Amino acid sequence: MSQLKQKPDDYINVTIELDDVDITSAETKATYDEIKKYVSEHNAGMKVSNLYISQVKRKCGIEVGKNYNLPKNEDSRQPQCPEDKERAIVEALEHFKMIQQK
């Protein structure tokens, strides 16, 4: 186009059908706060922690950031996400299209 020596006031109309465009990775990411809010609103005020969300995301194969609060020694135990909270988090991840519905 630069070789056509167009005037600055010339323009090209472009129409994009969004139905044909795949969702971008940025559109399929929800913050931890958004996931917490969704879980709370759809599960009678249920509270979930960032730890539980990251555990479920890892289980689903979603990459999570590096955790700087890792245990100092190998013998320390982390609480595991209860099944009811895991189901609620999976539902939220499906809602935000971060995972495919089963």
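Tabulated data for the structure shown
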{"quantity": "Flag for Asp19 being within 18 Å of Lys97 (Cα to Cα), out of contact with any helix residue (DSSP H, G or I) (no Cβ under 8 Å at 6 or more places or on another chain), at pLDDT below 90 and part of a helix (DSSP H, G or I)", "calculated": "yes"}
{"quantity": "Any hit, the stretch 37-45, residues being in contact (Cβ under 8 Å) with a residue 40 or more places away in the chain and open to solvent by 60 Å² or more (accessible area, probe 1.4 Å)", "calculated": "yes"}
{"quantity": "Unmet requirement for Tyr38, which otherwise passes all of (1) at pLDDT below 75; (2) aromatic (Phe, Trp, Tyr); (3) under 20 Å from Gln100 (Cβ atoms)", "calculated": "(1)"}
{"quantity": "Enumeration of residues in the stretch 47-69 that are among the hydrophobic types (A, V, I, L, M, F, W, C), open to solvent by less than 40 Å² (accessible area, probe 1.4 Å) and not in a loop (DSSP other than H, G, I, E, B)", "calculated": "Ile53, Val56"}
{"quantity": "Among residues of the stretch 57-75, those that are at pLDDT 80 or above and not aliphatic (A, V, I, L, M), counted", "calculated": "6"}
{"quantity": "Any chance Tyr32 is under 15 Å from Ala88 (Cα atoms), open to solvent by 40 Å² or more (accessible area, probe 1.4 Å) and modelled with pLDDT under 95", "calculated": "yes"}
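The values are calculated or read from the model by the stated rules, or taken from the named source; none is laboratory data. These figures come from a predicted structure and were not determined experimentally. Neighbour counts run over all protein chains shown; Cβ positions are idealised from the backbone, glycine included. Ligands, DNA and RNA are stripped out before the accessible areas are found, and what is left, the full protein with its side chains, is counted by its heavy atoms. Shrake-Rupley method; radii C 1.70, N 1.55, O 1.52, S 1.80 Å.
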